[in-house]
Structures are given as C-alpha cells and as structure tokens.
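Accompanying notes for the structure given below.
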Amino acid sequence: MLEFLDIKENTDYLESDLEKNILEHLKEFLLELGKGFMFVGSQVRLTVEEDHFYPDMVFYNRLLKCFVIIDLKIGKVTHQDIGQMQMYVNYYDREIKSNDENPTVGILLSTLKNKTVVKYTLPEDNKNIFSSSYKLHLPTEQELIDAVEEEKKNLELNE
C-alpha cells in the first residue's frame, strides 16, 4: 500500500514520477517493505559489455542476507519486464553478491499484476523473482468484500 505517497487516484503519472515520490518518502517505503531493509541506490547502473541498464531501486536485507531489486511498472507486467528483472538478478548474483550471501531477489511492482504471464515466463521452480501489484489508496469496504468473494471463487475453481 503506497498511500503515503499522496498521489491522487485516477491521475496519470509516470514510473519515474512514482520512483521519485518513493525516494522522497524512503523512510515510509522501507517501513512498508518490512524489517532489515537498507537502501543501496536508485537507478544503479549495471554495465554488460557496452550496454547500461538501470534497475529502479536496489535494497539490501540484512536479515535475509541478500540484495533485493525492485522495478516499478505502470500497467500490466510483461514477459519483457520479467526477462529484464531476471537479467538484473543474474547480474547481481554473478557479479555483486559475495559467496556468503543468499541469492538476489527481484520484485516487479505494478499497478496490474498479470498472473498468467508471470506463470509462463518464470520457471516452475522460481524462488527469486516475484510480481506484485501496488495500490495508491486503501480499498473501500465494498472493494475488499468484492476481492474476498473473487478469491473464494478462484479457490473453488482450483479444488
């Protein structure tokens, strides 16, 4: 829940605007992430041969002993987004992390989670890349009721 960013609902904003706003409210964002998170940097440059890549935000979790890379997306996550995150995670695991640290975690935060694309893009044994949606405001009581009912239907279909 990114309500602390004070971004008006149903307004147009860019991924860079969202990132800038999170950085301005870094303390609140770290609290939202949970215990043990430390900020490494934003737009940290990764150079592969002559190409440069810039993950939105890099954190380190001292309790998990691993790097956590977060990329922000407006709209649905695509297979290209997942592939890009896989490259970031592989780069950190092979070039940055030390042998006594755990594998890097990649998180794609988007306004709309695309469960099917995530399912078929990542291997079945994936333990390092995650996709989640974010909300700018707490849902209304009716939206919560609707979400619970939808989840119940999904569970019944999977049984």
- Consider GLY36 carefully, then state whether it is farther than 30 Å from ASN154 by Cβ, surrounded by fewer than 20 Cβ atoms within 10 Å (Cβ to Cβ) and not polar (S, T, N, Q). yes
- Message: I need the helices (runs of 4 or more DSSP H) fully contained in segment 1-106, keeping only those with at least 3 residues that are of a type in the set (Lys, Arg) and either modelled with pLDDT under 65 or farther than 21 Å from ASN126 by Cα (or both).
- Response: none
- Please work out which one of (1) in contact (Cβ under 8 Å) with a residue 12 or more places away in the chain; (2) of a type outside the set (D, E, K, R); (3) farther than 19 Å from GLY36 by Cα is the condition ASN99 fails and give its number. (1)
- Item | Hits in segment 75-89 - residues which are in contact with an Asp or Glu (Cβ under 9 Å, 6 or more places away or on another chain) and surrounded by fewer than 20 Cβ atoms within 10 Å (Cβ to Cβ) | GLN84
- Item | Residue, farthest from ASN61 (Cα to Cα), within segment 119-140, restricted to residues that are at pLDDT below 80 and part of a loop (DSSP other than H, G, I, E, B) | THR140
- Quick one: which of LEU112, LEU72, LEU46, LEU108 is touching a strand residue (DSSP E or B) at 6+ places or on another chain (Cβ under 6 Å), of a type outside the set (Lys, Arg), loosely packed, with under 14 Cβ neighbours inside 10 Å and within 28 Å of LYS35 (Cα to Cα)? LEU112
- Note on the structure: Pairing a residue in segment 64-93 that is at positive phi with any residue that is of a type outside the set (Gly, Ala, Ser), where Cβ atoms lie under 7 Å and the two sit 6 or more apart in sequence or on different chains, gives LYS65/GLU101; LYS65/ASN102; GLY75/THR111; GLY75/LEU112
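The values are calculated or read from the model by the stated rules, or taken from the named source; none is laboratory data. Keep in mind it's a predicted model, so treat the numbers as computed, not measured. Cβ: placed from backbone, ideal geometry, glycine included. Neighbour counts: every protein chain shown.
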